[in-house]
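All remarks here apply to the structure that follows.
The values are calculated or read from the model by the stated rules, or taken from the named source; none is laboratory data. If you're wondering where the values come from, they're calculated on a predicted model, not measured in any experiment. Cβ: placed from backbone, ideal geometry, glycine included. Neighbour counts: every protein chain shown.
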Amino acid sequence: MGFCCVLDSSTFLSSPKTLATSQTTKTPLSISCNSQTLEPHNDDQEAKKTGLNLLGLSATLTVISASLPQPSLAAAAKVAKRSARKAEALSPEELKAWSQGLPVVSERIPYTELLNLKLEGKLKHVIKLASVSLRRRPESVLVVLDDSRVFRTVLPTVERDEKFWKGWDGLEMDSVCVNAYTPPIRKPEIPSPYLGFLSKIPLSMLALVKTKPQSKRALEIERARMELKTRRKEELARAREEREAMEKSFKVERKMEEKRRKKELRKIKYEESLRRARRNYQDMALMWANLARDQNVATALGFVFFFIFYRTVVFNYRKQQKDYEDRLKIEKAEAEERKKMRELERELEGDEEEGDENDEKKGEKNAYLKMAMQFMKSGARVRRAHSKKLPQFLERGVDVKFSDVAGLGKIRLELEEVVKFFTHGEMYRRRGVKIPGGILLCGPPGVGKTLLAKAVAGEAGVNFFSISASQFVEIYVGVGASRVRALYQEAKENAPSVVFIDELDAVGRERGLIKGSGGQERDATLNQLLVCLDGFEGKGEVITIAATNRPDILDPALVRPGRFDRKIFVPKPGIIGRIEILKVHARKKPMAEDVDYMAVASMTEGMVGAELANIIEVAAINMMRDGRSEITTDDLLQAAQIEERGTLDRKDRSTEMWRQLALNEASMAVVAANFSDLKNIEFITISPRAGRELGYVRVKMDHVKFNSGMLSRQSLLDHITVQVAPRAADEIWYGEDKLSTIWAETGDNARSAARAFVLGGLSEKHHGLADFWVADRLNEIDLEALRILNMCYDRAKEVSLYAWQVFQLKLLLNRIPLHSLKIRIAIQEAFDKRHQRAPQDYLEQ
């Protein structure tokens, strides 16, 4: 009816006298703490689980009988009886047979539960080592319950938990503490070495003397001692881990207590703030009530409201009166201008029968004519259709607003100011502000320069005249200049208006560069354009907006202040601008609710508004082709890849070709993953696009660093290393005798980058800082570039050899693109299993 337990690698035994029984018994016993019975098992696997070999022998062997008398008197009598007689020493073989079949206690409970178990009457024994004194340091003990279950725990020191030890003393827990029993090991009689009298001979002489080898018994005991020493170290390590775990739990408890205390403080402060706010509210209400009853306050408020009324009403009336007088002056000037135009028309038509006075008299008598005159005075233009043609360059139906143009950023502020030149032009002129006559929009193709010009005209509500600069010049002499005059004549007749000239560099190149009649015609057209721009300077009736992506080749006289006063650069949109542009173009499309515009914007780095609009259209076409009703994120991502790389090339290729493609792209991805500037890999694919024979590895880089020319020396070396990675992987996998030319393109990129590295002055020899167009210097540059290539190649080869498990060729051969999450998972799994397979095994898959 007894049970045996092991404390942290210690074995509990019943008595040394049971040695004979355990040696003769062949069937191991399985001991259950729940039923307190011994049941024989014939299963060999169970015997292997419960049996302990000599190497697994623990340092402390302990046995406790379940029938021990309670409580401390019986334990004291047991200790006195045990100390009275000398313990029987065991040999290593006997100790091994004695400890065979004993179970190991692995279940744990918190030490704080001991007090609760004692109060509930469930605690039976607390077993500790005989050489251990509690309270000085954390010690591992066994806890035996009344239902024969055994658990492990670690008791803290008094300094760590003084409250626990006070409860321990209060419940007299020392009465249930029992010392563990460990049978002693018989010390062998080690024979003294021969020739002991030679110990006084110098060590150099002793090295020549061969001592008698030790006996097998001494070797076994020495081995047992070493094993016991190892076990003790392991026990100390486990005790240290348990102590650290206990300290960690204490820290967590203290942190939770601190959180609770802070929560209580916040609650108290919140209640105090509520009381303070309630008190302030009452004080404020009392103050307003007192002010309402005070007659002097009412009088002061009356004066304040009168002053506000005077400032708002009287001053505004005077301002409106001033604006009305200015409007009358403008109408008078316009009436004089119309009078001159009518006189000129009568001279051309030969109609001089009636003068202006008769027209005015008829106008006063005819109500309809009087209404027409009032309409003309309001600022509108009445066109006589019998002798006028429709404007040739006028675009009708321009309803583009700033809300239709996204991704502007701070450019919109400048364009809104241009709109104010039309809507509040008189205010600028009255204050002496000169309205610019020309605005030059510069930027790469597709950023929306034409759309911005239309948005300015649409917001201002003025006429929009549009022409391309290439339409000015013809083969006939004088046609370009006449078209410029006709354009601005129409714009003046339909003022206020906006004249938009697209691709200004077609006619605005610097004069004198082209010889012959063609150059003379272009120069004449440019001269006429300069004259027309000077004619509208500062008036604000006609504003010219020109667009070009080559401002560096324009004539200096064209871009000087006074003609194009403002030069606005329209850059490519950032990630926020791309999201806004995608949303603007997707307003009239059936988009799904969970479309991730951020993911699409991240995939379209460097694209302009025209390309983003085309992505939306391609995604809509793919949706209709598949018979779906909504555009999803996958449609947009697929359309972005088509816009960037072209359509898929579905030409059949051999299996070896696909393997070469997979190896080429995977090698670049693996090497790039080791560099900080290139490790953000978005996806990998081996499916060629637009007639290309290679796959694609898309890396998300810092656009500020790579697009602004702020690359560091290490970044360039990393780029060269990635470009030569396919060559290194090809050599590792197939050997130098079977190299292919699939990496030729990346090799050319690496050579160009290495030469640029040297010419830029980044190499150790600083070739780019002096004149290098010398024959000897050119040879040195080539040698230095070759050295850099070899260095980067060795680096790529080293990384490839170290991380060849990452080449997930099997995944790439399915021709399914690997995105960033799958790539990170594959790299992590491969590095966890590195050096387990050879590179050739991946090719055999």
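Does the stretch 554-562 contain at least one residue that is assigned to a loop (DSSP other than H, G, I, E, B) and within 21 Å of E643 (Cα to Cα)? Checked the stretch 554-562: no residue is assigned to a loop (DSSP other than H, G, I, E, B) and within 21 Å of E643 (Cα to Cα).
Please go through the stretch 102-150 and give me each residue that is β-branched (V, I, T) and crowded, with 19+ Cβ neighbours inside 10 Å, ordered by number. If the condition is that a residue be β-branched (V, I, T) and crowded, with 19+ Cβ neighbours inside 10 Å, then V105, V126, I127, V141, V143, V144, V150 are the ones that fit. One residue stands out in the stretch 743-765 among those that are farther than 17 Å from K797 by Cβ and aliphatic (A, V, I, L, M): the one that is nearest to the chain's Cα centre (by Cα), namely A753. No other residue among E94, E88 is in a helix (DSSP H, G or I), modelled with pLDDT under 80, closer than 30 Å to R223 by Cα and of a type outside the set (F, W, Y) apart from E94. Restricted to helices (runs of 4 or more DSSP H) entirely inside the stretch 403-470, those with at least 3 residues that are closer than 30 Å to Q321 by Cβ are 411-423, 425-430.
The set of residues from the stretch 461-490 being among the hydrophobic types (A, V, I, L, M, F, W, C), crowded, with 19+ Cβ neighbours inside 10 Å and modelled with pLDDT under 85 comprises A469, F472, V473, A481.
For the stretch 752-792, the tally of residues that are surrounded by 17 or more Cβ atoms within 10 Å (Cβ to Cβ) and modelled with pLDDT of 80 or more stands at 11. Among residues of the stretch 122-136 that are assigned by TED's automatic domain parsing to the domain that holds S175 and over 19 Å from E235 (Cα atoms), those with a beta-carbon under 6 Å from a residue that is in a loop (DSSP other than H, G, I, E, B) and not aliphatic (A, V, I, L, M) at least six positions away or on a different chain give the pairs K122/D146; K124/D146.
Condition test on E617, is it modelled with pLDDT of 90 or more, under 24 Å from T450 (Cβ atoms) and not hydroxyl-bearing (S, T, Y)? Yes; evaluated as a whole, the condition is true for this residue. The residues on offer are A639, A662, A613, and the sole one that is part of a helix (DSSP H, G or I), closer than 29 Å to A729 by Cβ and among the small types (G, A, S) is A662. Just one residue in the set A601, A619, A613, A639 is of a type in the set (A, V, I, L, M, F, W, C) and surrounded by fewer than 21 Cβ atoms within 10 Å (Cβ to Cβ); that residue is A613.
Out of L123, L142, one residue alone is touching a Lys or Arg at 6+ places or on another chain (Cβ under 8 Å) and aliphatic (A, V, I, L, M). It is L142. Does D351 satisfy being at pLDDT below 85, of a type in the set (D, E) and either closer than 30 Å to E426 by Cβ or touching a Phe, Trp or Tyr at 6+ places or on another chain (Cβ under 9 Å) (or both)? For D351, the condition - at pLDDT below 85, of a type in the set (D, E) and either closer than 30 Å to E426 by Cβ or touching a Phe, Trp or Tyr at 6+ places or on another chain (Cβ under 9 Å) (or both) - is not met.
If we scan the stretch 578-596, do we find a residue that is over 25 Å from V462 (Cα atoms), touching a residue at least 60 places away in the same chain (Cβ under 8 Å) and of a type outside the set (D, E, K, R)? Looking through the stretch 578-596, at least one residue is over 25 Å from V462 (Cα atoms), touching a residue at least 60 places away in the same chain (Cβ under 8 Å) and of a type outside the set (D, E, K, R). When you check R186 against the structure, is it surrounded by 13 or more Cβ atoms within 10 Å (Cβ to Cβ) and modelled with pLDDT of 85 or more, yes or no? So R186 fails the test.
Taking each residue of the stretch 396-416 that is among the small types (G, A, S) and looking for partners that are assigned to a helix (DSSP H, G or I) and at pLDDT 80 or above with beta-carbon atoms closer than 6 Å, six or more apart or interchain, yields A406/E580; A406/I581; A406/V584; G407/G577; G407/E580; G407/I581.
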